[in-house]
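Each value in this text was obtained by applying a stated rule to the coordinates, not by laboratory testing. Please read these numbers as outputs of a predicted model, since none were measured by experiment. Note: ideal-geometry Cβ built from the backbone for every residue, glycine included; neighbour counts use all protein chains shown.
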Amino acid sequence: MSAQLDLALAERDKGIARVKAKNADFVESARGLARMVARSKPDRIITMDDVRAELVHHSEIAKPTHYNAYGAIFNDNSDFEFVGYTKSVQKQGHGNIVRRWQLKVV
C-alpha cells in the first residue's frame, strides 16, 4: 500500500474508534439487534438497511450521537462476515452501495 493510503486508513480507524467509544451503548444494543434480525433470515444475511428498519421498532435503543455510529455495528464484529454488496433501499442511503453481512454459525 502507499503511504497516503496507510495514513487515510489510520485516520479512518481513529475516527471509528472515537465514534464507537462515544456510542458504546448504541453499538452494543444494535449489534444484538443485528444478530436477532440475521437469525430471522434463512440465509442469515443482512445489511445496515435491515438494522435501521428494525431500529424504528426499538425505542429503548437510544439514537447515536453521530450517524457514523451505524458503521461501527459491523466494524470489528466477529459475529458477522462480509459476503458482498447491494444497493441501499433506505431513504438516507440514496441507493448507494452497502455491504452484505452474514451471521456466522456458532
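Here is how the numbers come out for the structure above:
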quantity	calculated
Degrees, to the nearest 10: 3-22 long Cα axis against longest axis of the chain	40
Separation of the Lys91 and Leu5 label points, Cα + 7 Å toward Cβ, nm	3.8
Relative compactness, region 20-59, computed as alpha-carbon Rg over 2.2 N^0.38 Å	1.17
Among Ala21, Trp101, Ala72 the positive-end extreme of the charge dipole of the chain (Cβ point charges)	Trp101
Full-extension gain in nm, Asn68 to Arg18, via 0.36 nm per residue minus C-alpha separation	17.0 nm
C-alpha long axis of helix 24-39 to longest principal axis of the chain, angle in °	50
Rounded if a/c under 1.5, otherwise prolate or oblate - region 54-106, Cα gyration tensor axes	oblate
Debye, to nearest 20: dipole size of the chain, +1 on Lys, Arg Cβ, -1 on Asp, Glu Cβ	180
[x] 14, 43, 35, 7, 1; [y] 12, 32, 41, 14, 1, 0; [z] 16, 52, 29, 3, with the label sought being that of the calculated P(r) over Cα pairs in 10 Å bins from 0, in percent	[x]
Number of Lys pairs (Cα under 20 Å; 8 or more positions apart or on different chains) in the chain	6
C-alpha center-to-center spacing [region 67-85, region 1-30] in angstrom	12
GNM result for the chain, Cα springs below 10 Å: residue of Lys91, Lys20, Lys41 fluctuating most strongly	Lys91
